[in-house]
Amino acid sequence: MATLIIVESPAKANTIKGFLGRNYTVKASLGHVRDLPRSKLGVDLDNNFEPRYITIRGKGPILQELRQAAKKADRILLATDPDREGEAIAWHLAEALQIKEQNCRIDFHEITKTQVQQSVKQPRPISQPLVDAQQARRVLDRIVGYKLSPLLWAKVKPGLSAGRVQSVAVKLIVEREREIEAFVPQEYWSVTALLKTARGGQLEAKLLSKGGRKLELPNGAAAKQVEQDVTGAQWVVAEVKTTQRLRNPAAPFTTSTMQQEAARKLGFSAKKTMRIAQQLYEGLSLGQLGTHGLITYMRTDATRVSPEAIAEARTYIKETHGSDYLPKKPRQYAAKKGAQQAHEAIRPTSVLRTPEQVKPYLSRDQFRLYKLIWERFVASQMSSASFDATSVDIQVQDYLFRATGSRLKFPGFLKLYVEGSDENGLENELGDRLLPDVKPGEELALSKLDLQQHFTQPPPRYSEATLVKTLEEEGIGRPSTYAPIIDTILERGYVYLEEKRFRPTELGIIVVDLLSESFPKLLDVGFTASLETQLDQIEEGALSWQSVIREFYQPFAQDLEKAYEELDRITVQDEESDVVCEKCGRKMVYKTGRFGKFLACPGYPECKNTKPILDEIGVECAICKRENRPGGQLVRRRTRRGRFFYGCSNYPDCTFTSWQRPVAEVCPYCGNHLAVRREGSKPVCVNKSCPGGES
């Protein structure tokens with residue numbers, strides 16, 4: 001029997017072809033084939049919000065090819081991705097190709113020979129509740145986008161756009177910026193004692209309390225009082241406690257945690273992470289090993305893992321690391337509320353395809369992400385790490401100081417994988433902080449008392465990792481939407497990345513304030529999360545999608561009408577600079593795009609001249625000086641992807657560039673500027689072809 005299988009992408013089609021016989025033809029739809037029209041709303045507001053779908057421009061030839069292939073087939077199977085979006089694509093294909101057979105849908109969470117061959121034997125009907133959930137999101141977003149954008153054109157400036165979920169994400173970033181601006185640093189002091197034992201050991205102890213109460217030191221005078229009180233006093237060990245501390249491995253990746261960890265450890269954007277994960281899922285050629293999907297489906301909020309995958313991981317751990325690294329029972333991870341437990345966590349399709357085995361066939365970024373996923377999954381089934389945690393309490397007068405230390409007794413899962421941290425980069429879990437052996441009643445000698453002034457810090461701006469984490473915690477969006485949300489708010493120029501942290505543009509602040517004033521419910525985090533819950537209930541068949549839209553639309557339409565009547569027009573004034581446009585003579589103005597501020601001619605669109613803002617670092621260009629060019633200054637610039645680098649203000653006449661911060665000193669071998677990798681480090685030559693350069 002001739003069977004036609006339709007998937008979304010050519011890569012997925014190529015992988016599946018290798019698992020099936022000659023009676024199977026596999027074609028790709030290249031994503032959606034039908035959607036709402038771009039030129040109009042495309043939703044009949046007076047007819048139960050009926051969407052009016054059309055063939056997407058450019059998809060006509062693809063549909064024609066699929067129709068021709070369908071005529072030659074005895075049956076058609078739709079193998080689009082296993083989520084709402086994939087179900088909707090399958091439904092649109094069934095409508096466009098007029099597929100009459102009810103059981104035409106197959107899906108698989110991993111593209112392996114076993115899974116694909118099982119799936120083609122067990123087709124099912126298209127799930128209408130899943131399709132309805134996708135339609136509800138699409139119609140909601142279309143109504144908000146196409147109704148709010150004209151309001152912004154009328155009240156702010158033409159060309160602006162607004163989105164239902166994206167606007168809430170911008171609001172989070174604006175609110176965080178205002179917290180930072182309103183933050184008033186509070187002074188506080190710390191006191192640390194460097195103490196010696198009679199046997200020459202050293203320990204560092206921090207002031208904890210006085211008279212049994214936690215002690216706050218608000219100023220230098222309070223710290224000096226402590227110093228005065230303990231000078232010449234006796235330091236005695238009051239108590240020594242040693243406890244065993246266990247640390248358990250993290251769960252295998254969900255979409256959110258994968259995006260967060262790839263941002264922390266690999267520097268990937270959410271969009272890049274999903275693009276590479278898609279390649280790993282859809283399948284890559286591994287030479288003589290054939291073409292394989294390397295990971296399970298990458299849009300998931302579940303931590304569930306199949307018993308077969310757990311068994312394979314446990315066998316691998318025992319054979320590779322030994323029985324000590326294998327817990328007595330397989331680890332199970334609690335699912336977050338509302339997670340789609342039909343899905344699995346993101347894991348390798350086979351633990352036996354180790355990162356090193358597949359490395360020759362993968363690009364650098366594919367390998368790095370696969371290694372991260374593979375190690376996270378294997379570690380999730382390994383033994384806990386155990387530490388001896390020691391605390392030493394030291395009494396001096398009525399003050400209590402405490403020294404803490406730890407010793408790694410057994411690395412467990414840490415032998416393979418250390419989880420990233422938003423605050424301090426990667427945690428150094430394998431490092432011991434050892435304390436000398438001391439006993440209660442033992443006297444210690446004070447070597448030094450260190451008084452340090454500190455100030456409280458404002459909350460940090462969101463990074464991609466912490467924004468995704470917050471969106472997930474607040475119930476805003478779903479696994480498939482985190483990356484598009486971030487991409488959209490950057491593209492619209494409402495926020496930009498500075499040092500990998502989000503900052504709102506002036507335009508972003510204006511739009512958020514305007515929408516918050518007129519549509520407080522729409523920009524409310526709780527309301528947005530409740531809509532996500534309702535979409536989940538539609539998927540479960542518990543709610544009608546039209547009723548959810550109707551409940552949303554009626555108050556929204558009233559707010560919209562009121563906004564047109566009551567909102568005043570807002571004029572966005574561009575800040576003028578001293579830089580004169582060399583093309584038309586006007587004074588250039590400061591603009592903000594997705595990569596921060598730049599200079600632009602106010603004569604746009606007649607004059608489209610733009611310039612980067614030169615951020616001088618106070619170093620004169622030695623290359624220009626050596627080659628008798630006008631004195632150039634080294635400046636910090638930004639690539640199109642938002643990464644900082646250093647170059648000469650005389651570019652393109654001078655092409656000196658460096659990823660590291662240059663210093664005035666030059667290399668005696670090649671004459672290039674030396675540069676520092678981080679503050680306080682020794683300047684080195686970063687020219688790899690130079691005899692004195694880094695290897």
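The values are calculated or read from the model by the stated rules, or taken from the named source; none is laboratory data. For clarity, every value in this text was computed on a predicted model and none was experimentally measured. Because the Cβ atoms are built from the backbone with ideal geometry, glycine has one as well, and the counts that use them run over all protein chains shown. Note: areas computed on protein heavy atoms with side chains; ligands, DNA, RNA excluded. Shrake-Rupley method; radii C 1.70, N 1.55, O 1.52, S 1.80 Å.
What to note about this one:
- Sparse packing (at most 13 other Cβ atoms within 10 Å of the Cβ) combined with a DSSP loop state is found for the following trypsin sites (Lys or Arg not before Pro) in region 81-126: LYS100.
- Inter-label distance, nm, simple model (7 Å from Cα along the C-beta direction), ALA664/LYS224: 3.7 nm
- Helix axis angle, 128-155 relative to the chain longest principal axis, alpha carbon, degrees: 70 degrees
- Label-point gap, in nm, between GLU491 and GLN453 - each point 7 angstrom along Cα→Cβ: 4.9 nm
- Computed over protein heavy atoms with a 1.4 angstrom probe, the accessible surface ordering of SER39, SER649, SER323, largest first, is SER39, SER323, SER649.
- Accessible-area order (highest first, 1.4 angstrom probe) of the listed residues TYR590, TYR462, TYR564: TYR564, TYR590, TYR462
- Shape call, region 1-138: gyration tensor on alpha carbons, a/c limit 1.5: prolate
- Each Cα pair under 8 Å and six or more residues apart adds its sequence gap; the mean of these over the residue count of the chain is a relative contact order of 13 percent.
- Residue-normalised accessible area of the chain, given per residue in Å² at a 1.4 Å probe: 50 Å²
- Near PRO37, once Lys and Arg are set to +1 and Asp and Glu to -1 for all other residues with Cβ below 15 Å from its Cβ, the sum equals +4.
- TRP91 accessible area, 1.4 Å probe, all protein chains in place, Å² to nearest 10: 50 Å²
- Cα gyration tensor shape of region 300-368, rounded if a/c is under 1.5, else prolate or oblate by comparing a/b with b/c: oblate
- Each residue, ALA182 and ASN48, gets one label point 7 Å from its Cα in the Cβ direction; the gap between the two is 4.7 nm.
- With N counted as the residues of region 209-292, its alpha-carbon radius of gyration over 2.2 N^0.38 Å works out to 2.30.
- Computed over region 349-463, the alpha-carbon pair-distance distribution with 5 angstrom bins reads 2, 8, 12, 13, 13, 13, 12, 9, 6, 5, 4, 2, 1, 0, each value a whole percent.
- Helical content of the chain, expressed as a calculated mean residue ellipticity at 222 nm, amounts to -11000 deg cm²/dmol (DSSP H runs of 4 or more residues, -39,500 (n - 2.57) each, divided by residue number, nearest 500).
- Amide H within-cut-off set for ARG34, under 5 Å, with H built and near neighbours excluded: ILE56
- Scalar couplings 3J(HN,Hα) for region 324-331, obtained by applying the Karplus form with A = 6.51, B = -1.76, C = 1.60 to θ = phi - 60°, are 4, 8, 10, x, 4, 10, x, 7 Hz; x denotes Gly and Pro.
- Dipole size of region 378-511 about its Cα centre, with +1 on Lys/Arg Cβ and -1 on Asp/Glu Cβ: approximately 200 debye, rounded to the nearest 20.
- Nearest-ten-degree value, helix 364-380 long axis tilted from longest Cα axis of the chain: 70 degrees
- Accessible area of the chain belonging to carbon and sulfur atoms, whole % at 1.4 Å probe: 47 percent
- By accessible area with a 1.4 Å probe, ligands and nucleic acids excluded, highest first: order of ARG461, ARG275: ARG275, ARG461
- In range of the label at LEU194: residues from region 448-489 whose backbone nitrogen is under 17 Å from the point 7 Å along Cα→Cβ: 448-453
- Cα centroid separation - region 121-158 against region 345-399, whole Å: 39 Å
- ³J(HN,Hα), Karplus 6.51/-1.76/1.60, whole Hz, each residue of region 99-105, x for Gly, Pro: 6, 8, 5, 6, 8, 10, 10
- On the basis of the beta-carbon distance and an R0 of 35 Å, ARG67 and TRP153 show a calculated FRET efficiency of 0.30.
- Stretching ALA445 away from ALA335 to a fully extended chain increases their span by 34.4 nm, per 0.36 nm per residue minus the current alpha-carbon distance.
- Per-q log10 I(q)/I(0), the chain, q = 0.07, 0.08 Å⁻¹ (Debye; single scatterer per alpha-carbon; no solvent): -0.67, -0.87
- Neighbourhood net charge (13 Å Cβ-Cβ; Lys/Arg +1, Asp/Glu -1) for GLY322: +1
- Under 19 Å from the GLU561 label point (7 Å along Cα→beta-carbon), backbone N, region 19-45: 44-45
- Cβ-Cβ FRET estimate between GLN122 and ASP653, R0 fixed at 60 Å, reported to 0.05: 0.35
- Here region 560-687 is described by how far its Cα atoms reach on the three principal axes: 70, 34, 21 Å, from widest to narrowest.
- Residues whose amide H comes within less than 5 Å of that of TYR496, counting only those at least five positions distant or on another chain, are ARG503, THR505 (H built at 1.01 Å from N in the peptide plane).
- Amide H within-cut-off set for LEU434, under 5 Å, with H built and near neighbours excluded: SER406
- To the nearest ten degrees, helix 482-491 and the longest principal axis of the Cα atoms of the chain are 90 degrees apart.
- Whether region 495-575 is rounded, prolate or oblate, judged on the alpha carbon gyration tensor where a/c under 1.5 counts as rounded: oblate
- Per-pair calculated FRET efficiency, R0 = 25 Å: GLU474 and SER547 via Cβ, rounded to 0.05: 0.55
- Accessible area of TYR53 in the full protein assembly, 1.4 Å probe (Å², nearest 10): 50 Å²
- Alpha-carbon centroids, region 631-660 and region 554-579: separation in whole Å: 38 Å
- Area of LEU614 that stays accessible when all protein chains are in place (1.4 Å probe, Å², to 10): 80 Å²
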